[in-house]
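The values are calculated or read from the model by the stated rules, or taken from the named source; none is laboratory data. Note that the structure is predicted; figures quoted are calculated from it, not measured. A quick note on method: Cβ atoms are made from the backbone with ideal geometry, for glycine too, and the neighbour counts reach across all protein chains shown. Note: areas computed on protein heavy atoms with side chains; ligands, DNA, RNA excluded. Shrake-Rupley method; radii C 1.70, N 1.55, O 1.52, S 1.80 Å.
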Amino acid sequence: MALLQIAEPGMSAAPHQHRLAVGIDLGTTNSLVASVKSGSAVCLPDEQGRVTLPSVVRYCENTRIESGYDALKAQKIDPLNTISSAKRLIGRTLSDLKQDSHYLPYRFGGSEKIIELQTRQGIKTPIDVSAEILRTLKERAEENLGGELTGAVITVPAYFDDAQRQATKDAARLAGLNVLRLLNEPTAAAIAYGLDNASEGTFVVYDLGGGTLDVSVLQLTKGLFEVKATNGNSALGGDDFDHRLFCQLLEQNGLSQLNEQDSQLLISLVRAAKESLTTETSTTIRATLSDGHTINTTITRQAFHNLTQPLVAKTIEPVKQALKDAGISKTDVKGVIMVGGSTRMLHVQQAVATFFGQTPLNNLNPDQVVALGAAMQANILAGNKSDEEWLLLDVTPLSLGLETYGGLAEKVIPRNSTLPTARAQEFTTFKDGQTAMTIHVVQGERELVADCRSLAKFTLRGIPPMAAGAARILVTFQVDADGLLSVSAREQSTGVQAQIEVKPSYGLDDETITQMLKDSMSNASEDMAARARTEATVEAEGLISAVQAALALDRDLLNEDELNTIQTAITTLENLIQTGNADEIRQAVTDLGHTTDDFAAKRMDRNIKRALTGQKVEDI
Ligand code: ADP
Ligand code: MG
């Protein structure tokens, strides 16, 4: 059964032609490349038979660049020029990093927009570093498959925002790769599992890697595979477990300040210790520091579990949130898919099993499953499987909308909409004769624009002057399969239009996203009241200006008393706009409406008379 459908025009392969396409898991810690060979996806090994490539790049003396295991080894002796965890930095700014940067040993520089690392080969950006890893994998694949690649599917965490996705694409372009599509990692894992064990129901993908946690709720139904919700934490992964163990080791050995070389050495030793504790019940860390100080510390699995249990517990929060967003309870979950090297830790498996009340699925290699799914996807996109129908759906993490009059945010694409998606909504002008309209694109769940994140602003000009409310402006939001947003606005009668592609320069980390969601929930009733009041005010201001415009034209239809009554009603309403609540303003709007009923009728009579003047009865 075909579970996924992706139709890409012009991508069908000629008969007997097999296009070489790969899936790449560009991980924080490890990267892999996989391809479909003789009908099944396999990870491609290096010359020494290893499939994982440590995501580490070293800028050597002379102009040589090393990546992978060689670079990883050199990290201890050359930490400043050996860059790891570039994925934590890509598409982000120094101010995005805050707590993340303190245990990264690099010389940071750069502008507001991009992070720069000073190396002996000059300034390198996280995009350069990622491009180096991708280039190594591309070469490995071409050697292995014996030809040039048509394209690659590259995976990214579901929570990567536009800037991070764009930066990943830039890195691929630098590496000379044709990106067929960016794919969310949990989705890729589900593809790998979904195709193997095609079954119906709701599944959860729990992906705990070196640097990120990604949780997705997926629904599989007849021939359709849909991501219902995603959540996660881009600053929680195996590295944090290493860091806890590292800090404890320093404490136990009475060490405080370490030089970079020593701290790199100890970090790699604690990581190895952590990994061995998934099979051993205790392990010993032995090291000699550069000042001759020796370390000989034994750690039991139990002690390690006790130390890191709070981190494990922290991973369950995004699981709960994703279930809530998907509108399901944990008992509805048919299976839990474990992805990422860190899910090998026994207390992680236990916590997930306990939470769901079932044993998670882990029959595929948790390190490889993302790359395998990406390879299957690449195979289809390259047109090697043109006769099958596939459908792939991802979701938007936050609602997208625009600012309307009065500083209100109007949602156009709600949070957790499946991608790709496009929605259009009609807006109108607020003022008579208005010829331009500013479209302010915002992201977030709150009612007021001030509480949402501003993504972009552009202006539609050349609207023909019309009465307020007469122009019809169609605003279309489109989010492509990679999660990139473009917005266009078109005035319907003249066809004038303007558009913008949204590539925010600042990244939103998922803590910010979580905070924005929390805020929207805790402030929901306040926001509703504020929205109701703003809407009433907008209505009131509209009515006042309409009545004033009418008075300017046809005041002579009213006697003194009638005029006074109307003006008093206007003043009352104006005062309430300053001080009243939504209900009071609305009541005063209704009152002003009643007060002007007779006046409106008289104006209508006059206008009809004007219109009829000079016309023959038979023309009417
Ligand atoms: P990423 O997707 O972030 O590149 P991976 O899925 O490759 O990460 O997972 C890397 C993480 O998995 C590292 O933190 C590594 O220490 C951890 N890991 C790998 N094997 C084990 C193991 N046997 N026990 C515990 N952690 C492991
Ligand atoms: Mg991963």
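In whole percent, and with a 1.4 Å probe on the protein chains, what portion of the accessible area of region 239-306 is carbon and sulfur? Reported share for carbon and sulfur atoms: 42 percent.
I need to check one value: relative contact order of region 239-306, counting alpha carbon pairs closer than 8 Å and at least 6 residues apart, in percent. Show your work: numbers first, answer last.
Values: 57 pairs, mean separation 18.1, N = 68.
Relative contact order here is 27 percent.
Label zone of Thr294 (point 7 Å out along Cα→Cβ, amide N under 16 Å): in region 249-266 this covers 253.
Under the rule a/c < 1.5 gives rounded, and otherwise a/b versus b/c splits prolate from oblate, where does region 118-183 land using the Cα gyration tensor? Provide the component values of the computation, followed by the final result.
Working: a/c = 2.54, a/b = 1.16, b/c = 2.18.
Verdict is oblate for region 118-183.
Extension gain, Thr278 to Ile316: 0.36 nm times the residue separation minus the Cα-Cα distance gives 11.7 nm. Net length available on complete extension from His243 to Lys37 is 70.2 nm, with 0.36 nm assigned per residue and the Cα-Cα distance removed. Starting from the Cα of Lys609, step 7 Å toward the Cβ, then list every residue of region 546-566 with an amide N under 15 Å from that point. Label zone hits: 554-559. The residues Phe203, Phe477, Phe108, sorted by heavy-atom accessible surface at 1.4 Å with ligands and nucleic acids left out, run Phe108, Phe203, Phe477 from largest to smallest.
The mean accessible area for residues of region 239-306, using a 1.4 Å probe and ignoring ligands and nucleic acids, is 53 Å² per residue. Centre-to-centre, using Cα atoms only, region 405-469 and region 283-302 are separated by 60 Å.
Modelled spin-label separation between Asp332 and Ala450, with each label point placed 7 Å from Cα along the Cα-to-Cβ direction: 3.7 nm. Rolling a 1.4 Å probe across all protein chains gives Asp597 an accessible area of roughly 80 Å².
Each pair of Cα atoms in region 142-219 enters the Kirkwood radius, and Stokes-Einstein at 10 °C and 1.306 mPa s then converts it into a translational diffusion coefficient of 112 µm²/s. Beyond 17 Å, what share of the Cα-Cα pairs of region 239-306 remains, rounded to the nearest whole percent? So the portion of pairs separated by more than 17 Å is 33 percent. With a Förster radius of 45 Å applied to the C-beta separation of Ala529 and Asn559, the computed FRET efficiency comes to 0.65.
Average accessible surface for region 525-612: 60 Å² per residue, computed with a 1.4 Å probe over protein heavy atoms with every protein chain in place.
When the expected Rg is taken as 2.2 N^0.38 Å, what fraction or multiple of it is the alpha-carbon Rg of region 525-612?
Details: Rg = 14.9 Å, N = 88, 2.2 N^0.38 = 12.1 Å.
It is 1.23.
Which percent of the accessible heavy-atom area of region 525-612 goes to carbon and sulfur, probe 1.4 angstrom?
Values: 2800 of 5270 Å².
Reported share for carbon and sulfur atoms: 53 percent.
Here region 119-209 has 42 percent of its accessible surface on carbon and sulfur atoms, given a 1.4 Å probe and all protein chains in place. The magnitude of the dipole of region 525-612, with charges of +1 and -1 set on the Cβ of Lys/Arg and Asp/Glu and taken from the Cα centre, is near 440 debye.
If you roll a 1.4 Å probe over the heavy atoms of the protein chains, what accessible area per residue do you get for region 404-497, in Å²?
On the way: 4070 Å² over 94 residues.
Heavy-atom accessible area per residue stands at 43 Å².
Order Ile299, Ile500, most accessible first, counting only protein heavy atoms with a 1.4 angstrom probe. Each step should come with its number before you reach the end.
On the way: Ile299 15, Ile500 45 Å².
Ranked from most to least accessible, the order is Ile500, Ile299.
Within the assembled protein chains, the solvent-accessible surface assigned to Asp78 is about 20 Å², based on a 1.4 Å probe. For the residue pairs Lys87/Lys314; Lys431/Lys457; Lys169/Lys320; Lys169/Lys330, alpha carbon separations beyond 29 Å are given by Lys169/Lys320; Lys169/Lys330.
The 1.4 Å probe gives accessible areas that order Val339, Val42, largest first, as Val42, Val339. Using a probe of 1.4 Å on the protein chains alone, the accessible area found for Arg446 is around 30 Å².
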